[in-house]
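Data block below; observations after.
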Amino acid sequence: MLRHFERAGRLISYLEAEPPGDAERRGTLVLVHAFPMAAEMWEPQLAAAPPGWRVVAPDVAGFGRSFPVPHTATFEDDARDVAALLDHLGEKDAVVAGVSMGGYIAFALVRAFPDRVRGLVLADTRAEADTDAARRGRQEMLAALDRGGAPAVVETMLPKLLGPSTHASRPDLVTRVRQIGLRQPVDGLRAAIHRLMGRPDSTSLLPALRCPVLVAAGVEDAITGPDVAREMQQRIPGARLALIDRAGHLASLEQPGTFNEALHTFLQ
């Protein structure tokens, strides 16, 4: 169900799935989406909410129905939005799952509000800041956005967002991901690219993490694939690793059954 609340004159929207049936309440799971997507990318997880878990997926500022976005926003600001969402829900803490950009916001949440993070799912993401080469790529993306709007960004990213298996066998999903990306406002995309480019390095957080952590990645992810996931998992005490076959950078959307099984096992 789509819901929203106001914070500091801005609208924050989120999708919510209540715990199914009469299961004993176990906790809250917050799902944070990737760039250039929106909360709706988590529909397969919202539709399969594990027993006892309240599941919410916010639209990051500038995406979906969360607007306006401050042009000087950082991922720390996005983390404060997640904390405000927990306050709005009356929740003390949550397990936070982030894909790609969502993982960077999860790291920012750990830095700013460590006591509110009960567990972490870091999916198809990395702890390192952008390299010089990556920042140059972001600058080129900004230039493409100015020239061609959202289509210029989405069509450039689409080949790497989804794995070869998905491109070959799931044209419906390729179309869906394209449509979600094309719906995102240009101002939101621009502000997020600046946030991506300026994010801090989070590798020093990894050995200090004491909450349960699941690291996941699509085997066919060409952006933050299995090698990145393994290295991150090895740096985090007690972290679990889930590699998703026949999936790329959006493994939770490409192979939701396998991803959900790993997620539910972790939550149990």
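The values are calculated or read from the model by the stated rules, or taken from the named source; none is laboratory data. Keep in mind the model is a prediction, meaning the values are calculated, not measured. Cβ coordinates were reconstructed from backbone atoms using ideal geometry, including for glycine residues, and neighbour counts include every protein chain displayed. What goes into the accessible areas is simple: the full protein's heavy atoms, side chains included, and nothing from ligands, DNA or RNA. Shrake-Rupley method; radii C 1.70, N 1.55, O 1.52, S 1.80 Å.
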Kindly work out what percent of the DSSP beta bridges joining two residues of the chain are antiparallel, to the nearest 5. 30
So what's the net charge close to GLY103: Lys and Arg +1, Asp and Glu -1, counting the other residues with Cβ under 15 Å from its Cβ? -3
For region 172-244, what is the relative contact order in percent, using Cα pairs closer than 8 Å and at least 6 residues apart in sequence? 29
Using Cα-Cα distances under 8 Å and only pairs 6 or more residues apart, what relative contact order does region 114-268 have, in percent? 32
Net charge contributed by nearby residues that have their C-beta within less than 11 Å of ASP81 (K/R +1, D/E -1): -2
Between ASP227 and GLU155, what length in nm is gained on full extension when 0.36 nm per residue of separation is reduced by their alpha carbon distance? 23.3 nm
Let a ≥ b ≥ c be the square roots of the eigenvalues of the Cα gyration tensor of region 157-268; is it rounded (a/c under 1.5), or, if not, prolate (a/b larger than b/c) or oblate? oblate
Among GLY137, GLY98, GLY218: highest mean-square fluctuation, GNM of the chain, C-alpha pairs under 10 Å: GLY137
Charge sum, other residues only, whose C-beta stays under 13 Å from VAL219's C-beta, Lys/Arg counted +1 and Asp/Glu -1: -4
Return a whole-number percent for the relative contact order of region 120-200, with Cα pairs under 8 Å and 6 or more residues apart as the contact set. 45
For region 1-158, size of Cβ-based charge dipole, Lys and Arg +1, Asp and Glu -1, in debye: 180
Roughly how many whole Å is it from the C-alpha centroid of region 195-268 to that of region 13-91? 18
Subtracting the Cα-Cα distance of ARG26 and ALA83 from 0.36 nm times their residue separation yields 18.6 nm
Leaving out ligands and nucleic acids, note down the accessible area per residue over region 73-163 with a 1.4 angstrom probe, in whole Å². 38
Compute the Cα gyration tensor for region 40-121, then decide on rounded, prolate or oblate, letting a ≥ b ≥ c be the square roots of its eigenvalues: rounded whenever a/c is under 1.5, prolate when a/b is larger than b/c in the other cases, and oblate in all that remain. oblate
Electrostatic dipole magnitude of the chain [Cβ: Lys, Arg +1; Asp, Glu -1; Cα centre; debye, to 20]: 240
Please report, as a whole percent, how much of the solvent-accessible surface of region 131-268 comes from carbon and sulfur atoms (probe radius 1.4 Å). 51
Classify the chain from the C-alpha gyration tensor, please: rounded if a/c falls under 1.5, else prolate or oblate depending on whether a/b exceeds b/c. rounded
I'd like to know which of GLY9, LEU86, GLY102 lies farthest towards the positive end of the charge dipole of region 1-147, counting +1 on Cβ of Lys and Arg and -1 on Cβ of Asp and Glu. GLY9
